[in-house]
Amino acid sequence: MSLSRKVGVIDYGTGNLRSVVKAFEHLGANVSIFKDPTGIEEVDAIVFPGQGTFDQCMESLQESGLDSALQLWINQGKPYFGICLGLQVLFETSEEGNLPGLNLFQGHVRKFTFETPMKIPHMGWNEVSWNVPDNHPLKNNLSDSDQFYFVHSYYLSNVSNDIITFETTYGFPFVSGILSGKCIATQFHPEKSQKKGLQLYRNFLEKIL
């Protein structure tokens, strides 16, 4: 099925866009790259890839004006998919830096610390519990036993109870994604998660937009 959706991918200077762009193009989406807000209102959805550091990302968003554009977009209930850092910047603060995040949701980003020996970053395949009903469109052809690919040293904590949170366990249970209206963001990388990752992107394009 061709998904004739216009998807805008945010380029803040350090993100690895190629694999994300290829994944959405594979699903039939028409992908554009945005380094500033010019023309962003013409797309159907925004995708925020996630690599780099928190402060570097926020500085780039502030300089380009994409920070306020993203705040407006999500506050208006428009479709958004954030990946890794694209999840973390939605919240208030991060221990990775000093700058505030976009402050769209209550919550803070913490660095993993463990009393027992655990590797940091959390890297590799792990299960995700969606915390949504099986008939929810996001879970189409997905289940709580499915594995997704993670690469991260920081995680969300103290997240507001008014948004749906996905959960993964690495040493302890942590928030591995959120769902609020048409805003979806994951700590894991769907574009690196083979068929199940593509299925999640497909659900976003087919069911959430």
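Determine which member of the set Phe48, Phe34 is open to solvent by less than 10 Å² (accessible area, probe 1.4 Å) and touching a Leu at 6+ places or on another chain (Cβ under 8 Å).
Phe48
Residue under question is Val20, and the condition is that it be over 21 Å from Gln76 (Cα atoms), touching an Asp or Glu at 6+ places or on another chain (Cβ under 9 Å) and either among the aliphatic types (A, V, I, L, M) or without any contact (Cβ under 8 Å) to a residue 40 or more places away in the chain (or both); does it hold?
It is true that Val20 is over 21 Å from Gln76 (Cα atoms), touching an Asp or Glu at 6+ places or on another chain (Cβ under 9 Å) and either among the aliphatic types (A, V, I, L, M) or without any contact (Cβ under 8 Å) to a residue 40 or more places away in the chain (or both).
When you look at Thr38, is it free of Cβ contacts under 8 Å to residues at least 24 places away in the same chain and part of a loop (DSSP other than H, G, I, E, B), yes or no?
Spelling it out, Thr38 is indeed free of Cβ contacts under 8 Å to residues at least 24 places away in the same chain and part of a loop (DSSP other than H, G, I, E, B).
Is it fair to say Leu90 is in a loop (DSSP other than H, G, I, E, B), open to solvent by less than 60 Å² (accessible area, probe 1.4 Å) and over 25 Å from Phe24 (Cβ atoms)?
Spelling it out, it is not the case that Leu90 is in a loop (DSSP other than H, G, I, E, B), open to solvent by less than 60 Å² (accessible area, probe 1.4 Å) and over 25 Å from Phe24 (Cβ atoms).
Residues Asn141, Asn158, Asn131, Asn203: which one is touching a helix residue (DSSP H, G or I) at 6+ places or on another chain (Cβ under 9 Å) and at positive phi?
Answer to the selection: Asn141.
Among the listed residues Pro49, Pro100, which satisfies the condition of being in contact with a strand residue (DSSP E or B) (Cβ under 9 Å, 6 or more places away or on another chain), modelled with pLDDT under 95 and not aliphatic (A, V, I, L, M)?
None of the other options fit; the residue is Pro49.
Give the number of residues within region 144-173 that are without any contact (Cβ under 8 Å) to a residue 60 or more places away in the chain, surrounded by fewer than 18 Cβ atoms within 10 Å (Cβ to Cβ) and not in a loop (DSSP other than H, G, I, E, B).
Number of matching residues: 8.
Taking only pairs six or more apart or across chains, which ones have beta-carbon atoms under 8 Å, a first residue in region 85-98 that is of a type in the set (Ser, Thr, Tyr), and a second residue that is open to solvent by 20 Å² or more (accessible area, probe 1.4 Å) and not in a strand (DSSP E or B)?
Matching pairs, first to second residue: Thr93/Pro100.
Regarding region 174-190, can at least one residue be identified that is surrounded by fewer than 18 Cβ atoms within 10 Å (Cβ to Cβ), assigned to a strand (DSSP E or B) and under 15 Å from the mean Cα position of the chain (by Cα)?
No.
Restricting attention to region 43-82, which residues are under 14 Å from Leu209 (Cα atoms), touching a Lys or Arg at 6+ places or on another chain (Cβ under 9 Å) and assigned to a helix (DSSP H, G or I)?
Within region 43-82, just Ile74 meets the criteria.
Working only within region 1-26, note down all residues that are open to solvent by less than 20 Å² (accessible area, probe 1.4 Å), farther than 24 Å from Ser94 by Cβ and at pLDDT below 95.
The one that is open to solvent by less than 20 Å² (accessible area, probe 1.4 Å), farther than 24 Å from Ser94 by Cβ and at pLDDT below 95: Leu3.
Search region 191-209 for residues being open to solvent by 20 Å² or more (accessible area, probe 1.4 Å) and among the aliphatic types (A, V, I, L, M), and hand back the single one that is nearest to Thr113 (Cα to Cα).
Ranking the qualifying residues of region 191-209, first place goes to Leu198.
Looking at region 113-143, which of its residues are in a loop (DSSP other than H, G, I, E, B), open to solvent by less than 40 Å² (accessible area, probe 1.4 Å) and either of a type outside the set (A, V, I, L, M) or in contact with a strand residue (DSSP E or B) (Cβ under 9 Å, 6 or more places away or on another chain) (or both)?
Across region 113-143, the qualifying residues are Val128, Trp130, Val132.
With the requirement that a residue be of a type in the set (Ser, Thr, Tyr) and out of contact with any Gly (no Cβ under 6 Å at 6 or more places or on another chain), what does region 1-45 give you?
Ser4, Tyr12, Ser19, Thr38
The values are calculated or read from the model by the stated rules, or taken from the named source; none is laboratory data. The model shown is predicted, which means the values in this text are computed figures rather than measured ones. No Cβ is skipped: glycine too gets one built from the backbone with ideal geometry, and neighbour counts run over all protein chains shown. Areas reflect the complete protein model, heavy atoms only, side chains present, ligands, DNA and RNA absent. Shrake-Rupley method; radii C 1.70, N 1.55, O 1.52, S 1.80 Å.
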